[in-house]
1. Under a crude label model (7 Å from the Cα following the beta-carbon direction), how far is B:His77 from A:Thr20 in nanometres?
2. Taking chain B on its own, what percent of its Cα-Cα pair distances exceed 20 Å?
3. Please work out the FRET efficiency for the pair B:Met10 and A:Val114, using the Cβ-Cβ distance as r and a Förster radius of 45 Å; give the result to the nearest 0.05.
4. How big is the gap, in Å, between the Cα center of the range A:53-84 and the Cα center of the range B:1-70?
5. If the reach is capped at under 26 angstrom between alpha carbons, list the lysines near B:Lys92, excluding any in the same chain fewer than eight residues apart.
6. Between B:Asn30 and A:Glu82, how many nm apart are label points set 7 Å from Cα along the C-beta direction?
7. Cα-based Rg of the protein assembly as shown per 2.2 N^0.38 Å, rounded to two decimals?
8. Over 19 Å, how big is the tail of the calculated P(r) for chain A, in percent of all Cα pairs?
Amino acid sequence: KAGVTQTPRYLIKTRGQQVTLSCSPISGHRSVSWYQQTPGQGLQFLFEYFSETQRNKGNFPGRFSGRQFSNSRSEMNVSTLELGDSALYLCASSLDAGLYTEAFFGQGTRLTVV
Amino acid sequence: DAKTTQPTSMDCAEGRAANLPCNHSTISGNEYVYWYRQIHSQGPQYIIHGLKNNETNEMASLIITEDRKSSTLILPHATLRDTAVYYCIAEKPNTGNQFYFGTGTSLTVIP
């Protein structure tokens, strides 16, 4: 089956702009989570969406937002970009069924803010 | 969520078993131990998870101590493709993949 697809793979934006990243989960998966990975802070949880509702949220400013569509595809948006937002943004999907959560990650979108 | 402690880096000879330790002394009764790995420039990959029993799958074995305060991930025959950062995570189930990844162990498999 197809894996988690993130688009675009690479992106360069200017400080102050906004950006939208897309994530298509594995077919049948209803939970989509987003992570930011930087050399200094490592992998940090941004938020999780389930059935079009934000269910969990990490400790990031309001400039970071997301949404999920009825087909479980998700987008995240970062407004008023700062240089420190340069990072690898990863999305993960899971069934969200049963007792355990096995998350499948995409290849990520590498965002560079100049 | 329970914090985990892992060595920063380890080396392993190709073909030998790689034993990656993890300390989770504050783990609570309903938190599972998960292992993920991240090969350079890729997204993390699920390896294995367990609650209190030892577990084995096609990738690895997970040994959890009886008091659940530590665990060891075993890659039985390490290959060069196993070179990656390995993350040990203690997490309750069904929390929306809200994992605390920590810094992980950078495993280098040496030819």
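1. That separation, rounded to one decimal, is 5.0 nm.
2. Numbers: 2082 of 6105 pairs.
Within chain B, distances greater than 20 Å cover 34 percent of Cα pairs.
3. E between B:Met10 and A:Val114, to the nearest 0.05, is 0.75.
4. Computed from Cα coordinates, the inter-centre distance equals 29 Å.
5. Qualifying lysines at Cα under 26 Å: A:Lys57, B:Lys3, B:Lys52, B:Lys69.
6. 3.6 nm
7. On the way: Rg = 17.6 Å, N = 225, 2.2 N^0.38 = 17.2 Å.
After normalising by residue count via 2.2 N^0.38 Å, the value is 1.02.
8. So the pairs more than 19 Å apart make up 40 percent of the total in chain A.
No lab work stands behind these numbers, since they all come straight from the coordinates. All values derive from a computational prediction rather than experimental measurement. So basically every Cβ, Gly included, is an ideal-geometry build from the backbone, and we count neighbours across all protein chains shown.
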